[in-house]
1. Please pick out the residue among His193, His121 that is within 19 Å of Ile346 (Cβ to Cβ), modelled with pLDDT of 95 or more and not hydrophobic (A, V, I, L, M, F, W, C).
2. Do you know which of the residues in the stretch 223-240 that are in a loop (DSSP other than H, G, I, E, B) and open to solvent by 30 Å² or more (accessible area, probe 1.4 Å) is nearest to Pro272 (Cα to Cα)?
3. Residues being in a loop (DSSP other than H, G, I, E, B) and either at pLDDT below 85 or hydroxyl-bearing (Ser, Thr, Tyr) (or both): count how many of those fall in the stretch 532-542.
4. Which count do you get for residues in the stretch 344-356 that are open to solvent by less than 20 Å² (accessible area, probe 1.4 Å) and either free of Cβ contacts under 8 Å to residues at least 12 places away in the same chain or not β-branched (Val, Ile, Thr) (or both)?
5. Out of all the residues in the stretch 460-480, is one or more open to solvent by 40 Å² or more (accessible area, probe 1.4 Å) and either outside any helix (DSSP H, G or I) or closer than 30 Å to Pro826 by Cβ (or both)?
6. Restricting attention to the stretch 497-512, which residues are open to solvent by 40 Å² or more (accessible area, probe 1.4 Å) and either modelled with pLDDT of 95 or more or more than 30 Å from Ile240 (Cα to Cα) (or both)?
7. Answer with yes or no whether Arg41 is more than 23 Å from Asp406 (Cα to Cα), at pLDDT 95 or above and among the charged types (D, E, K, R).
8. Name the residues in the stretch 578-587 that are surrounded by fewer than 22 Cβ atoms within 10 Å (Cβ to Cβ) and within 19 Å of the chain's Cα centre (by Cα), would you?
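The values are calculated or read from the model by the stated rules, or taken from the named source; none is laboratory data. The model shown is predicted, which means the values in this text are computed figures rather than measured ones. All Cβ positions, even for glycine, are placed from backbone atoms using ideal geometry, and neighbour counts span all protein chains on display. When the accessible area is computed, the model is the full protein with side chains, heavy atoms only, and any ligands, DNA or RNA have been set aside. Shrake-Rupley method; radii C 1.70, N 1.55, O 1.52, S 1.80 Å.
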Amino acid sequence: MTISNSNGSSFYGARSARRATVKEFSKSEIANRIQNSNLVRLVDAYRSFGHKCASIDPLNMWHQSRDASLDPSTYGLDDPQAEYQLEGIVSMKGLSKATLAQIIEHLENVYCGHMAFEFMHITDDSLRRWFASQAETCIDTNFSKEEKYKFLELMARSETFDHYMMRECGHQKQFSLEGSESALVALQQVLEHSSKAGVLEVVMCLTHRCRMQIMMELLGVPKDSLFRKFQGLSEFPDEIPSHIIGDLVYNAQASVDLNLGGKHPLHVSVVPNPCHLELVNPVALGKVRAKQEDYLSLETDDYKVEDMVMSVQMHGDGGFTGQGVVTETFGLTNLPHFTTGGTVHIVLNNQVSVTTDSANGRSTTYSSDIGKMVEIPAIHVNGDHPEMAAIAARIAVNYRKTFGKDIIIDMITYRRHGHHEAEDPFCAQPLMYKEIQAHDSVIDLYTQHLVSEKAIDSVDVKNNIKASHDAHIASCYRNAPKYQVQPSHLLGKWRSMVIPLESTCKMDTGVDPSILRSIGIRAVTVAKDIVLNEKMQKLNIDTRMEQMKEGKKIGYASAEAMAIGSLLLEGHHARICGQDVARGVFIPRHAMINCQQTNTKYTPLNNLSSTQGKLELVDSPLGELAVMSYEYGMSLETPNRLNMWEAQLGDFFNSAQEVIDSFISGGEEKWLRQSGLVLVLPHGYEGAGPEHTSCRIERFLQLSSDRFNVTDPNVSNNVNWHVVNCSTPAQYFHVLRRQMKRNYRKPLIVVGPKRLTRIPKAVSDLDDFAPGTSFQPVISDMEANKLSVRRVIFVSGKLYYELLEERAKKEMVDQVALIRVEEYSPFPKEDLEAEISKYPSASEFVWCQEETQNGGAWYFMESRLNQLLPSQHKLKYVGRATCAAPANGIYVKHLAEQKQIYEEALTLSSAQHSLLPH
């Protein structure tokens, strides 16, 4: 899983794009194309613009004007009976020559029928010629009677399910699939032909509208289990802890094995998702990427991991064009550290987004046009024609297998009952729903078609399918309350993990100093042929080498290298992703070193041992939402990989707030899926202005499920994630190792260092990493006089060192204690209680922070710390006043504010504290 760069070097995790080519034109084909160049122009016009006059709207309400380039007279082709050689120009099964009339009839059937193609925007001529050949030959596919019956049965069962649910649960949202059943045929064919092509696993994203039908009728998920949710019961076994809250039924997940004719069963995973449906797309791709890495040992020259695991994604037309995460995700598809070998996208195009007409919902002609940014071809299918959907699916599978690229099937359908069954769709789309009301169902139309071609005897075949299935559904619905839900969590690679009852965990994460010294030295040792940058060598490489040899004054970069290197030696893998992470923005990790003469890339931590795990360094695109979602998806797949996403600046996570809110913070409580994703968010007030200062600690603490009543022994403290602010390199080392050495996984939010990496006292000695050491949620003040201290200040991050310096200047070590809170959540109750008890003479307790009062940790810490203080005392606040923006953009004012914080923090007074004005 390495690729070579232009200079021949390789780096772990990067994959090259699949290079498949189509045979070049032969001399005779070229000669024929020259001789009949006007016919070539006509054929290319159909390939480019035939879709404009195709019959792809089942309601026949949407029309485009026929393109003038489709008129043969434009090219001087006026004789319908003129005969032409076809080689190198157009594919017609069984024919080597044809009349102009035959050719035009064929082109009309292929490009202007109930299926249409867009592929001429692709710049690679091989791909265009391959696609043209597929389109012009697959249109004549003949399905067997058995296949046609299977299509009918699948759609009839879906329709029966919708009708039953309307009768029994009409008061609940069901998002009926009526009008779009042919999408089931497309998906079934994608799965079947992918399995036959050697795919072992599919990771699937689904919309609300098709979820129940696909899970029950196509994937075989027990109907009883899903009906439980409609009846208000839990989707989890009874023994699951009470903090697991579950989710709506149309966000449900699934994991099944299907026998579809391949050499091996096809494992299909349906990823759970929030109601912003498209957000799940990059999450699923991250899971695919992680699964593919598990199959690396099976790779051969002809059978790659991309052939073994793929993603299939269902989309709604409105969300597909309206949600920016789709565009961001497309931007990842062909990148070496993100590619998964292509995704098959099926757009469930109801022609209405909730109640917004497509004319108001997108600026493009088709919902699939958004894929043109990365040259994704599209196949448009009239939803009333399930056999066209099946053909489109087979082309899509072949295209992905051949070229390893994405493809879109645009299923143009309609919603028979509006956005959901409880609304009156005539209010928003009266003309459309007048047409729908008079329109025969997809199942009725296909039944009539099969009867007319004698594929089935009569409509009774359909009626019998529906009657039998209705009885089966009714039985499952009655039995749902008795259904015993089987555990689906912590299986396979997660068997060694548990659901913790408490997430406050202290454990020895130290490592033998000789091992760490070796790792630290190797982390800055490069191959002999690598020419180093002189400045980097002097300021980073040589300095770190000296630190490691002496075992003194070790900085954050070496601490991180030792943490990750030791995990790699213990068999774990690691992936650090973000903008400029190989070099590092504030932590000068220089984990991937570039030769100054050849640009050869060298990763020292991947050269520790022949049996070690691997480190993947990913300099990502300048976008956060899709990238962070992708990393979260990877973290869901295995507990054995340390996944880290580092922001270039702390507040850059803002662009990814959606995945933080919907997946990372609540994924375990909603879906029982653990994640050990680490977010490193550089933070610190240094006068850099409002946008480059704060990582918004307050947001992560507000999203924390930490208990409010910290003194109640009956309330457990199993928080959803950990939020830390490490003031020493050793603390950072231990928290990263703790992340992988516990027997459960929780997301970790690291309030990352900025200037802290340059503070001389913010260093650690090698003994601080040794066996017997661990992460400390609270760090004591080892200098303060415990008996005489009057004021106890709780502080975090770099502000501690600044107050430490000011305290020394004022000679107040006997009067003021500085207690470092290294972990905000879970709230370190026992540690803080122990610290408070050390200061019997203290009469003032202060929370001091750089952030504004409506930011930082103040609101989180105030209510909790007050419960621990002696009853006559109340926590005081020192910090900036409330402000809409995180920080001042005027540097002199920033300095004044900072100075005032120092003064107020170290001024003993029983008077009410003041707030620092902006």
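1. On the way: His121 fails: within 19 Å of Ile346 (Cβ to Cβ).
Answer to the check: His193.
2. Glu235
3. The number of residues fulfilling the criteria is 0.
4. Step one: filter the stretch 344-356 for residues open to solvent by less than 20 Å² (accessible area, probe 1.4 Å), giving 344-350, 352.
Retained after the next criterion (residues that are either free of Cβ contacts under 8 Å to residues at least 12 places away in the same chain or not β-branched (Val, Ile, Thr) (or both)): 345, 348-350.
Of the residues in the stretch 344-356, 4 are open to solvent by less than 20 Å² (accessible area, probe 1.4 Å) and either free of Cβ contacts under 8 Å to residues at least 12 places away in the same chain or not β-branched (Val, Ile, Thr) (or both).
5. no
6. Quick first cut of the stretch 497-512, residues open to solvent by 40 Å² or more (accessible area, probe 1.4 Å) only: 498, 501-502, 504, 506-508, 512.
The answer is Asp508, Asp512.
7. On the way: more than 23 Å from Asp406 (Cα to Cα): yes; at pLDDT 95 or above: yes; among the charged types (D, E, K, R): yes.
Taking the combined requirement at face value, the residue satisfies it.
8. Within the stretch 578-587, Gln579 is the sole residue that qualifies.
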